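Before any comments, here is the structure.
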Amino acid sequence: MTENENCSEGQRSNEVTNSSNNATRKPIDLDDVLISELGQFGRFQFKNILLVSVPLIMSAFLSEYIFSAAAIPHRCQIPECGENSTNFVFEPEWILNAVPETTTGFSSCQRFESSTSNGSLDYCPADIFIRDSIISCDSLFYARNNSVVYDFDLGCQEWMRALAGTLSSVGTLLVLPITGYISDRFGRRIALVVSISNVALFGLIRAFSTNYTMYLVLQLLQSTLGGGTFSSAYIFAAELVGPKYRVLTGAVTSSMFAVGLIVLGGLAWVVQSWRNLILALHIPCFLVVSYYWFLGESIRWLLSKQKFTEARAALEEVARVNRTQISEKSMEALLNPPEQTEQITDGPGLITYIVRSPILLRRVCTTPFWWITSTFVYYGLSINSTSLSDAMYLNFILTCAIEIPGNFATVLLLDRIGRKPTLSGGFFLSAACNIIFAFTPNDLNVLRLVIYLLGKFGISVVMTALYLFTSELYPTEYRHSLLAFSSMVGRIGSISAPLTPALMEYWVGIPSVMFGTLGLLSGLLVLTQPETLGTKMPDTLAEAEALGKSDQQRKK
């Protein structure tokens, strides 16, 4: 072979090598451009987060049923003692003469049968009642009038009262396919505007409910058609943030939801009428409709729908605001993505593969249980905080405020001590606090509140860490589906949580013991899964199955 032939052969070899490298090289995507050119977190991203903070805060207003349908102290009205109007004292000196005593005071829905009606508001002796005969109330007297419980006389129908929260959570499950369709078909901006519009509209109408059925139907419609507000706003906050800042951005968006709950508690404290409270919360939501005109569409959605002209303009706007530049090469790579070739696999399908794999089967059964526990405990603690003491509004505000340090503590812990210790530690802390709280004497108000807040801090850590850890346990090809499955099953927890106050009729510690037991089980189940810190996220089911096997792990 001559020198020229050697050169030619070498050139052909290099061409083949380069061609092979180009064929296997990962196409440039938006994350690559954010990291290398546009900036992972600049002025544009900061402005976007500030804008969507408003709907993120307002998304928490769907929880106002905690106050508008709050339980109210009540007892039987005693007409034999002159209680024939509403102008009398809720707890007169003679009340235990007419109503059976309980461990928490006196009965709410029972009274003694009377033998005569010679009593008065000032004097109602025990001898006019037959203390061996206990009957149900004919009519109720309420300590307050700032809830639907008063307007629709739900005092002794605790399960019916709790139905408002359950239907609200059912709506957040039903909204998933609705918001997903609107978001994919018409864009993220439309999905956000439609969601917040429905929150405002149905909230406004619900303020004028004439009966409890109307209130419940509108509650379900509001959460079903408006429950996508948080997820729609979250997309705008996170989609243009580089990978380095995504966990921090998640903590910020979760904290904005907590701020919304704090605003809700503060407003409920000031505006006592449940109808006026709903109006005060939802009328300002109409302002977010204006986002349609000045909030840019999602760049990722524009690229996925091949709306390249709008995408180019949006990318140039990001570069301008961030005072950076995007090269024409990167722009062309984003606007001219390679054609996707259909991959044909001869292996078993997802379900078959999982059933045949004990490791993945255990994982698919475990992660939904974490989600059920986290939503059950998180929403349960928020809802039950109003019954901690007479300072219901302050208790609720503190219970929501403790989430914020919990969210940011998670950011600090995840990359330092790992995913498993952070998640299991959050579960165990919350479980321990809830179990201790159940057996702490009622007269130790400050201690009870501190224990309760520590329990909420623990479950807040879990809520922030859970999404990341779950996504890292599943392969790229099925990550979205399996993550969505865990999240959807987890709605069982949020649907059940509003019913827990009704269990206090049997023993006040039942909800706390349930929270603690589930938290303990979930914490133990976390320990059965592999640590994902420092490992490459799996791309295939086989790689996901190999997680935790040190000889097969591939480091980043």
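Just so you know, all these numbers are worked out from the coordinates, no wet-lab data involved. If you're wondering where the values come from, they're calculated on a predicted model, not measured in any experiment. Please note: Cβ atoms are built from the backbone with ideal geometry, for glycine as well, and neighbour counts cover all protein chains shown.
I'd like the distance between the alpha-carbon centres of the range 231-254 and the range 417-476, rounded to an integer number of Å.
One Cα centre to the other: 23 Å.
Between ARG131 and ALA542, what FRET efficiency follows from the Cβ-Cβ distance if R0 is 56 Å, with the result rounded to 0.05? Walk me through the intermediate numbers first.
Working: r = 74 Å, r/R0 = 1.31.
So the FRET efficiency works out to roughly 0.15.
Counting each pair of different Cα atoms once, what's the Kirkwood radius of the range 404-556 in Å, rounded to one decimal? The partial results should precede the final answer.
On the way: mean 1/r = 0.0592 Å⁻¹.
After inverting the pairwise mean of 1/r, the radius is 16.9 Å.
Which of the peptides 408-415, 373-380, 147-154 is most tightly packed, and how do the rest follow, going by the mean number of other Cβ atoms within 10 Å of each residue?
On the way: 408-415: 17.6, 373-380: 25.5, 147-154: 20.4.
Going by the mean number of other Cβ atoms within 10 Å, highest first, we get 373-380, 147-154, 408-415.
Show me the three semi-axes of the equivalent ellipsoid for the chain, from the C-alpha gyration tensor (sqrt of 5 times each eigenvalue), largest first, rounded to whole Å.
Working from the Cα gyration tensor, I get semi-axes of 56, 27, 19 Å.
Output needed: percent of Cα pairs per 10 Å distance bin for the range 258-305, bins running from 0 to the one holding the longest distance.
Spelled out per bin, shortest first, that is 21, 32, 24, 16, 6.
Starting from 0 in steps of 5 Å, tell me what percent of the Cα-Cα pairs of the range 439-488 lands in each bin.
With a bin width of 5 Å, the distribution comes to 4, 18, 18, 13, 11, 9, 9, 8, 6, 3, 1.
Multiply the residue separation of SER85 and ASN145 by 0.36 nm, subtract the distance between their alpha-carbon atoms, and state the gained length in nm to one decimal.
Numbers: separation 60, 0.36 × 60 = 21.60 nm, distance 1.47 nm.
Extra length from SER85 to ASN145 when fully extended: 20.1 nm.
So if R0 is 51 Å, what FRET efficiency would LYS305 and MET160 give, r being the distance between their Cβ atoms, rounded to the nearest 0.05? Intermediate values should be presented prior to the final figure.
Working: r = 46 Å, r/R0 = 0.90.
With R0 = 51 Å, the Cβ-Cβ based efficiency is 0.65.
Within the chain, how many Lys pairs that are eight or more residues apart, or on different chains, come under 17 Å at the alpha-carbon?
Lysine pair count for the chain: 10.
In terms of modelled amide H atoms, which long-range or inter-chain residues lie less than 5 Å from the amide H of LEU140?
Residues meeting the amide H criterion: GLN77.
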